[in-house]
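S.K.: Got a structure for you, written out below as structure tokens; questions coming shortly.
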Amino acid sequence: MVSFEDARRKERRRFVGLVLSASVAAFVGVFAIGAGWGQISAASQWALNAGLSVASTLEASIAGTVVDDVDPAEVVTAPEEVFAVAKPQRKQQRVNQAFPLCKGGKRVTCVVDGDTFWLEGQKVRIADIDMPEIGSLQCAKELALGEKAKHRLQSLLSAGPFEMHALSDRDTDQYGRSLRILIRNGQSLGDRLVAEGLARTWEGQRKPWCGT
């Protein structure tokens, strides 16, 4: 039979545990936000266990019991994922459709030149290459190479699925174009154009395509 004092002690322990659980859960929630529902659930469960553990210790102190022989296996510790800060992920987009060449009028999905295209109304600049211009060209050689690069890019984009990867430090260029690296089967399509002699690897600034 449970005595009145034991019942009061048990109820007091439960109350203290719930109060501490709520406090710890609020604190842990700050770190768990953005980390996903799984981590938030883990945080809540840890908070509840931690509160009850602390409550038990307080109850023992209230009852005059000295707690000095604690089994390490019984110590409640926070799981590492509770405090893990969610890292920003590079945006990725899978594409699988045909790309015609851009013409007059509204542009939705089409190829502008060797390094720029539209995808469903989004203007994209291939971030890892430098291409010859066909709009503000400097010589006939640049025009010829630029036209060849444009048609080759159209062929590559329409050849099957590929992924567009955003840069980790910059999303758009000064003209508002989305900066993306195009990947198919683990290979950059920009590198493919470079290997075919239609582009140069981007080194931070444009270089002339016409001889001096």
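What follows draws every value from the coordinates through simple rules; no lab data is involved. Keep in mind it's a predicted model, so treat the numbers as computed, not measured. Neighbour counts are summed over all protein chains in view; Cβ atoms, including those assigned to glycine, are modelled from backbone coordinates with ideal geometry.
S.K.: Starting from the Cα of CYS210, step 7 Å toward the Cβ, then list every residue of region 121-144 with an amide N under 18 Å from that point.
M.R.: Zone members listed by number: 131-144.
S.K.: Let me ask something else about it. Given LYS103/LYS150; LYS91/LYS123; LYS106/LYS141; LYS141/LYS207; LYS91/LYS207, which pairs have Cα atoms separated by over 18 Å? Working shown, then result.
M.R.: On the way: LYS103/LYS150 13 Å; LYS91/LYS123 16 Å; LYS106/LYS141 30 Å; LYS141/LYS207 14 Å; LYS91/LYS207 29 Å.
Too far apart for the 18 Å limit: LYS106/LYS141; LYS91/LYS207.
S.K.: Follow-up question, since we're still on this one. Taking the Cα centre of region 134-174 as origin and charging only Cβ (+1 Lys, Arg; -1 Asp, Glu), how large is the dipole, in debye to the nearest 20? Intermediate values should be presented prior to the final figure.
M.R.: Values: 5 positive and 6 negative charges, 60 e Å.
The calculated dipole for region 134-174 is roughly 300 debye.
S.K.: Now for a separate question. For region 100-212, taking Cα atoms only, what is the radius of gyration to one decimal and the Dmax to the nearest whole Å?
M.R.: 13.4, 40
S.K.: Let me ask something else about it. Return the long-range amide H neighbours of ILE129 (sequence gap of 5 or more, or a different chain), with a cut-off of under 5 Å between placed amide H atoms.
M.R.: It is TRP202, by chain and number.
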